[in-house]
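The values are calculated or read from the model by the stated rules, or taken from the named source; none is laboratory data. Just so you know, these numbers come straight off a predicted model, no measurement behind them. A quick note on method: Cβ atoms are made from the backbone with ideal geometry, for glycine too, and the neighbour counts reach across all protein chains shown. Ligands, DNA and RNA are stripped out before the accessible areas are found, and what is left, the full protein with its side chains, is counted by its heavy atoms. Shrake-Rupley method; radii C 1.70, N 1.55, O 1.52, S 1.80 Å.
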Amino acid sequence: MKRIFSGIQPTHNMHLGNYLGAVRNWVALQGDEFETIYCVVDLHALTQPQDPVELRAHIRELAATLLAVGIDPARSILFAQSQVPGHSELAWLFSCVTPLGWLRRMTQFKDKAGKQQDTAMHGLLAYPVLMAADILLYKGTHVPVGEDQKQHLELTRDIAQSFNQRYGVDFFPLPEPQILGSATRVMSLRDGSKKMSKSDPSDYSRINMTDDADTIALKFRKAKTDPEPLPTEAEGLATRPEAENLVNIYGALAGKDVAAVLAEFGGTPFSTFKGALTDIAVAVLAPIGGEMRRLMADPGHVDAVLRQGGEKAAALAAPTLAEVQDIMGLLRP
Ligand code: TYM
């Protein structure tokens, strides 16, 4: 059976990079071909310092945003990671088959811990082990993500393989990353060499799903560009990362490839193009923001969706965890 699992951190509300790179594909993949499981990974968020009151609000807000963009609880399981204790439990069991060297090599750990590796928290190093547990607890076969998660997915496959080999079983599948669409790495609006990220201190670096039309217009107006008009051919973008990023964003929002966007806007100045970009972003995001605000007016509904999703997820997870305990030689509780 094909089973999709993917997750998003509630460290902040969703931004356009999350949406175009991953979550939009989550919505599209709901259907008959796959069973779809989507998770607000609150335990992962704890690898960075969090204010408890804010974290709880962000979990609900992110769940509301996921519902607003079209995750349908009738077709997908939507839940919060901490509702299913099996995630933490399997992460511990995987910790015992994952060499430290694999974790120290992870780019995200090196970027986030920097030179402070001794004072960085263990959770930051163990982050990808928990991620492998998320996916494999459900024997997920396909994982729709943006490009930045590729290395973590490779590690998930390595952990699955390491477990299977060590115990001589063919138990865990090797999950396939699904890096889909034309915006798999949306860049910062302020610096075309950095990805759009929740952790960037400047809010002008990203478009949030909840930004209103004026904010979106202002952020695109302030977005870094160069003085040349847009090129007419895609090759002309090769050395212009900021221009390339805006063209990619426009294409992803309009459902057009780069050639089609440049056929329409090649030779026009950025002021014109940025106006068109704002219009299309507002057309896509305004209804989502409206729906999200409607959902947030009734947090009881969002909580109920998560609770029901958590129950369904726990029921799927229980037999896998029991089998893992058996395979590893533990007594079942
Ligand atoms: P997170 O919360 O950083 O991002 C959620 C999803 O958004 C994608 N993404 C982007 N795509 C394109 N351009 C960008 N600038 C951009 N920024 C983020 C991410 O690739 C991701 O797909 N480790 C994961 C969460 C996670 C997870 C999992 C994912 C935990 N367990 C199991 C899949 C399966 C993360 O931090 O995503």
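Couple of notes before you dig in:
- Annotation for ILE327 and ASP257: the two label points, set 7 Å from Cα along the Cα-Cβ direction, are 4.1 nm apart.
- Alpha-carbon gyration tensor eigenvalues x 5, square-rooted, for segment 213-288, Å: 20, 14, 10
- Prolate/oblate/rounded call for segment 272-333, Cα gyration tensor, a/c under 1.5 rounded: oblate
- For the chain, the solvent-accessible area works out to 46 Å² per residue, with a probe of 1.4 Å and every protein chain left in place.
- Net charge of neighbours whose Cβ lies under 12 Å from the Cβ of VAL97, counting Lys and Arg as +1 and Asp and Glu as -1: 0
- Protection proxy ranking of 197-210, 79-92, 220-233, by the mean of other Cβ atoms within 10 Å over each peptide's residues and highest first, is 79-92, 197-210, 220-233.
- DSSP bridge orientation in the chain - percent antiparallel, rounded to nearest 5: 10
- Debye intensity ratio I(q)/I(0), log10, the chain, q values 0.07, 0.08, 0.11, 0.12 Å⁻¹ (C-alpha model): -0.31, -0.40, -0.74, -0.88
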